[in-house]
Amino acid sequence: MDYKYIEQLLERYFEAETTLKEEQILKAFFEQNDEEMPAELRQYRSLFAAMVQEDTLGDDFDERLLQMTEEAPQVKARTISLAERLKPLFRAAAVVAIVLTLSNALNQSMGDNSTWVDENSYALEQMEPSADEPAMAYEQAGDSLLTDSLFKPTGYLE
């Protein structure tokens, strides 16, 4: 027996190009108990046998579906207040505030000497050049810088 037509229908079936009539032909073909069927076609028999069983939903389908939905647990909606929605934001702000407070306290305790002033810089701050004597103010500033050991140029001889 020539099974070329069935093979062509199978190819079209797997490419989703068959009509309902052609699918019924395939189902009818695989429902028959033919021992002469080639092994390559026998492998599809279980596929079409399962499809025959799934074709009909039954007369009581609607009733079964309604019964299943009635048995499902009811889920109640929960309202969330604004405070509950913003609670993670409040927690994050508290963590940032704690970190900033601790870092500020650590900087103060570790000896952040931003308020310490040595006498040379204090003298420079107090010395304001007057409009009458800019050259004298320049010389005084230069002398005070040279007296400080940090500001002496390398190779400077006294």
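Quick rundown of the values:
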{"quantity": "Set Asp143, Asp112: member being farther than 30 Å from Leu20 by Cβ, within 41 Å of the chain's Cα centre (by Cα), at pLDDT below 70 and open to solvent by 70 Å² or more (accessible area, probe 1.4 Å)", "calculated": "Asp112"}
{"quantity": "In the stretch 4-50, residue modelled with the lowest pLDDT [restricted to those that are exposed (fewer than 15 other Cβ atoms within 10 Å of the Cβ) and hydroxyl-bearing (Ser, Thr, Tyr)]", "calculated": "Ser46"}
{"quantity": "So Leu86, is it modelled with pLDDT of 85 or more and open to solvent by 70 Å² or more (accessible area, probe 1.4 Å)", "calculated": "no"}
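The values are calculated or read from the model by the stated rules, or taken from the named source; none is laboratory data. Since we're looking at a predicted model, the values are computed, not measured. Note: ideal-geometry Cβ built from the backbone for every residue, glycine included; neighbour counts use all protein chains shown. In case anyone asks, the SASA skips ligands and DNA or RNA and just uses the protein heavy atoms, side chains included. Shrake-Rupley method; radii C 1.70, N 1.55, O 1.52, S 1.80 Å.
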